[in-house]
Amino acid sequence: MTAFTGTPRLMRLVMRREWRTGFWWVLAIVSLGMVMVTYIDRNMPTLAVMATYVDMINQNTFFRALGGGTSVIVDRGFMSAFRSGGFLYIMTAIATALAVVRYTRADEDTGRTELLRSGAVSRFAALTSALLVAGSVALVAGALTAITYMAVGLEPLGSITYGAGVTAAGWVFGAIAALAAQLAQNARTARAIALFTLAIAYVLRYAGDASGQLWMTYISPMGWVHAVQPYRYDRWWVLALIVGIVAIMIAIAYVLVDRRDLGEGLIPQRRGRAAAPDLRGPIGLSWRLHRGLFVKWAIAIGVFALGTAGVGTIAPDVSVLPAGAFGLLQLSYGGGSGEVIDYFLWAGILIFAHVVSLYPVVMVQRLRAEERAGRAELAQGTTMTRVRWAAGHLVVTALGTAGLLVVTGLVLGYFYGLFMGALPGTLFRVTLGTLSCLPGAWLITAVCFLAYALTPRFSVPIAWAVWVWTAVTGQVAGPLYGVWGGTPFEPFHYLPNVVAGAPFNPVPVLATLALTALVLWGGLTALRRRDVG
Amino acid sequence: MTDPVSVSGLVKTFGATRALDGLDLTVKLGEVHGFLGPNGAGKSTTLRILLGLLRFDAGTVRLLGGDPWRDATDLHRRLAYVPGDVTLWPAMSGGEIIDLLLQVRGGVDRTRRNELIERFDLDPRTKARAYSKGNRQKVALIAALASDTELLILDEPTSGLDPLMESVFRDVIREEQRRNGRTVLLSSHILSEVEALCDRVTIIRDGRAVDSGSLAQMRHLTRTSIRAEVAGPATGLADLPGVHDLRIDDGVVRFDVESDALGPVLRHLDSCGVRSLVCNPPTLEELFLRHYDRTMETAR
């Protein structure tokens, strides 16, 4: 078989490289599946309680469409798959798609494929090994999900079907990524195509299930996966159909590989501007480099906020549920009013504040990336010397974070007010609530920057640790694990719950701002003292 | 008038390694100065210290009359730098990057910029991720050459360029020196380039300057290669002082001679009846090799 010469050797190489990434993906997917079973068991301990939930979910379109399908039933397995499916399918799809691009187009970009193909390695070897290894990641994720679900006593056939669904989601988007890798001329575009397809597939599936216009669900690859309906219909013929479609897409990818030149794609490389008269300083440079990231974040946060507003329409019904489920949270977040809607909005705002805080964490890491790549050297050889260079980036980061919180407040506030018939009051208090989180997010930015300035080599793990610390000890996860406010180092829990009518107290905000300024000053001083590059 | 670059006794350590060990380097106003040395000798470290990217542990460094660390921003208005390994922002086009670098150094001369883009044959609309090494180098070079600064610091500027572009580069550097009197500090391990461009050279090895001076001064210390066709037997040549590596076959003599022993040797050749004579000054290559051989021998 000369068509596949070199594939086994290449596969071993790809497997060695994928091991480190794939392991974490599989761990995340399988654990999330388990978390959801625990969640169901805790909140719906008896069939009667579950029936209350099921009624509630069936009456709320926004919520029901999250898990897929047009109705839910009282069944432990079904509910577990319903609640976890949306996440597990997406995560497996992303893991597989990224892996396929990583070992095909990305290697072609860097010239590694050229090096390998000059040896006795066939044209198809890279694609074949990428598909086999990425497909195995999805297979392992699916199989382990099935095994763990059976281990907690869920019905075997349903569990295996569910695992197969998880694997199928990975395979579909792996195949789509394989096609994208042939079409696009660089890895970035290939990834963008694959992930954009995933986003569209999800939105179509959600819109179809929510509106009852099922044609939208049927044209969406995510819709096919959700149509398997494990523990209820166990539709294996849908799985067979998916495998067939995957086979066709892969065949097309092989035809394309056979016909195109190395390094070429069907979609031509986009050209840039010939000049940039407006690019005249560190702020301009940082915005030019990172505006794409901001726009993606703004869109994602906007969509997420819209979804939250929709799902939140279920909040008034939650009061009919047994108190145990949300009691603690309700007490914690309801503030003075104890109103369930206030609880929902305040908890929602804090979750968004934590998610938005990831943006500055990622942005500050880009300073390190610029330094490592040697681009900081090019910039700092000009008048954009270290402090100006970093300060420009920090300005863009700070304003970007503010922008994302404004987007959150406006979208969540407007649409929730619209759905609940409570405009403009809701818009006003939600926007105020999100904006009050801004100093906290800036403090996280400052701490990450200080870490970058002091120990660039460890700044990336430290930055993640800062975020995880904030999230775990913060108001979102904190109360769940009884450590809320157990640490003075989390910035958000000092905020007054203005959404529930608590009076606005400027002290925590001003104190956080002062601390932020101090930490930033420390970071810039440290950066001024050390070697760069 | 102070020298644009004056470095003495410069020491820089990275942990246990001593990258620079008492380096001296002086670049005079308006000259093209070659900074020569093998990989790992400390060339890039020196240039990065001059740019205020790295701190130094001991010695004195003056750049354009200022302190490269403290006055970095002001000094960088007056110089342009091309790093040895040019990495660009992949999502930006070459034209955008050139404009950015020019604007932060203080203004763009459109005509000059476009002229250089044309001479270096660069497509300014291509995204940087699609550029080859040579094209990335061109982007940084154009941005440096088109800027109106008194000093150019170039770290192995032609390492990715093809011979055609290399000659364009040489022409532009010569023009700059002649027309605008710009000072250039150019690090390299390509000897022909330094030979073609530089007025003075500093040779660095293991973090220390082993020699410095004009090319003429350095040649003075070394040998000339001679190839002569003689009518009679070339006896007695081997006994003359300063003659090395003598080979005679079929009426052709080849040997190297130390420069201060040249006179007696030529008179002796004349007495043998010279039919043809080819006389080569030592190439920098030889100078370089010999130099390192010598320092290695003394080290041993």
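Evaluation of B:Ala72 against the conditions (1) at pLDDT 90 or above; (2) of a type in the set (Gly, Ala, Ser); (3) within 27 Å of the chain's Cα centre (by Cα) shows that the sole unmet condition is (1). Scanning segment A:382-436 for residues that are under 30 Å from B:Leu53 (Cβ atoms) and under 24 Å from the mean Cα position of the chain (by Cα) turns up A:His393, A:Leu394, A:Val396, A:Thr397, A:Ala398, A:Leu399, A:Gly400, A:Thr401.
For A:Gly417, the conditions (1) touching a Pro at 6+ places or on another chain (Cβ under 9 Å); (2) under 29 Å from A:Val364 (Cα atoms); (3) of a type in the set (Gly, Ala, Ser) are fulfilled apart from (2). Please go through segment A:266-284 and give me each residue that is among the hydrophobic types (A, V, I, L, M, F, W, C) and facing chain B (nearest Cβ under 7 Å), ordered by number. Across segment A:266-284, the qualifying residues are A:Ala274, A:Ala275, A:Ala276, A:Leu279. Within segment A:209-230, the set of residues being within 24 Å of A:Ala177 (Cα to Cα), part of a helix (DSSP H, G or I) and in contact (Cβ under 8 Å) with a residue 12 or more places away in the chain comprises A:Met216, A:Thr217, A:Pro221, A:Met222, A:Gly223, A:Trp224, A:Val225, A:His226.
From the list A:Gly223, A:Gly263, which residue is loosely packed, with under 15 Cβ neighbours inside 10 Å and either more than 14 Å from chain B (Cβ to nearest Cβ) or over 28 Å from the mean Cα position of the chain (by Cα) (or both)? Give the steps one after another, and end with the answer.
Values: A:Gly223 fails: loosely packed, with under 15 Cβ neighbours inside 10 Å.
Only one candidate passes the filter, namely A:Gly263.
Selection within segment B:114-134: residues that are among the basic types (Lys, Arg), within 13 Å of another protein chain (Cβ to nearest Cβ) and assigned to a helix (DSSP H, G or I). The member of this set that is nearest to B:Leu145 (Cα to Cα) is B:Lys133. For segment A:272-306, give me each residue that is surrounded by 14 or more Cβ atoms within 10 Å (Cβ to Cβ) and not in a helix (DSSP H, G or I). Scanning segment A:272-306 gives A:Gly272, A:Arg273, A:Ala274, A:Ala275, A:Ala276, A:Leu279, A:Arg280, A:Gly281. Pull up segment B:162-182, narrow it to residues that are in a loop (DSSP other than H, G, I, E, B) and at pLDDT 90 or above, then point me to the one that is nearest to B:Leu100 (Cα to Cα). Of everything passing the filter in segment B:162-182, B:Arg182 is nearest to B:Leu100 (Cα to Cα). The set of residues in segment B:86-129 being crowded, with 17+ Cβ neighbours inside 10 Å and closer than 18 Å to B:Asp162 by Cα consists of B:Val86, B:Leu116, B:Ile117, B:Phe120, B:Leu122. Candidates A:Thr70, A:Thr92: the one that is under 24 Å from A:Ala190 (Cβ atoms), touching a helix residue (DSSP H, G or I) at 6+ places or on another chain (Cβ under 8 Å) and not small (Gly, Ala, Ser) is A:Thr92.
Within segment A:174-194, being surrounded by fewer than 24 Cβ atoms within 10 Å (Cβ to Cβ) and either within 14 Å of chain B (Cβ to nearest Cβ) or in a loop (DSSP other than H, G, I, E, B) (or both) holds for A:Ala184, A:Gln185, A:Asn186, A:Ala187, A:Arg188, A:Thr189, A:Arg191, A:Ala192. Taken over segment B:73-85, the residue count meeting the criterion of being surrounded by 24 or more Cβ atoms within 10 Å (Cβ to Cβ) and at the interface with chain A (Cβ under 7 Å from one of its Cβ atoms) is 3.
Table: residues versus (1) of a type in the set (S, T, N, Q); (2) surrounded by fewer than 21 Cβ atoms within 10 Å (Cβ to Cβ); (3) modelled with pLDDT under 95.
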{"position": "A:Ile351", "(1), (2), (3)": "no, yes, yes"}
{"position": "A:Val355", "(1), (2), (3)": "no, yes, yes"}
{"position": "A:Pro360", "(1), (2), (3)": "no, no, no"}
{"position": "A:Gly381", "(1), (2), (3)": "no, no, yes"}
{"position": "A:Met384", "(1), (2), (3)": "no, no, yes"}
{"position": "A:Gly392", "(1), (2), (3)": "no, yes, no"}
{"position": "A:Thr401", "(1), (2), (3)": "yes, no, no"}
{"position": "A:Leu410", "(1), (2), (3)": "no, yes, no"}
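Look at (1) more than 25 Å from the chain's Cα centre (by Cα); (2) more than 30 Å from B:Lys127 (Cβ to Cβ); (3) crowded, with 18+ Cβ neighbours inside 10 Å and you find that A:Trp215 fails only one, number (3). Among the residues of segment A:234-253, is there at least one that is closer than 24 Å to A:Ala184 by Cβ and among the aromatic types (Phe, Trp, Tyr)? Looking through segment A:234-253, none of the residues is closer than 24 Å to A:Ala184 by Cβ and among the aromatic types (Phe, Trp, Tyr). Of the residues making up segment B:101-113, those that are touching a residue at least 12 places away in the same chain (Cβ under 8 Å) and facing chain A (nearest Cβ under 7 Å) number 2. Apart from one condition, A:Val35 fits all of (1) under 29 Å from the mean Cα position of the chain (by Cα); (2) modelled with pLDDT under 85; the exception is (2).
Of all residues in segment B:44-62, those being among the hydroxyl-bearing types (Ser, Thr, Tyr), away from chain A (no Cβ under 11 Å) and within 14 Å of B:Leu185 (Cβ to Cβ) number 1.
When A:Gly307, A:Gly338, A:Gly324, A:Gly334 are screened for being at positive phi and either under 19 Å from the mean Cα position of the chain (by Cα) or at pLDDT below 75 (or both), only A:Gly338 passes. Total residues in segment B:281-300 satisfying the condition of being surrounded by 12 or more Cβ atoms within 10 Å (Cβ to Cβ) and either at pLDDT 75 or above or of a type in the set (Ser, Thr, Tyr) (or both): the figure is 3. Taking segment B:237-272 as the range and being modelled with pLDDT of 80 or more, in contact with a helix residue (DSSP H, G or I) (Cβ under 8 Å, 6 or more places away or on another chain) and among the small types (Gly, Ala, Ser) as the test, only B:Gly242 passes. For A:Tyr233, the conditions (1) of a type in the set (Phe, Trp, Tyr); (2) buried (at least 16 other Cβ atoms within 10 Å of the Cβ); (3) not in a helix (DSSP H, G or I) all hold with the exception of (2).
The values are calculated or read from the model by the stated rules, or taken from the named source; none is laboratory data. All values derive from a computational prediction rather than experimental measurement. Cβ: placed from backbone, ideal geometry, glycine included. Neighbour counts: every protein chain shown.
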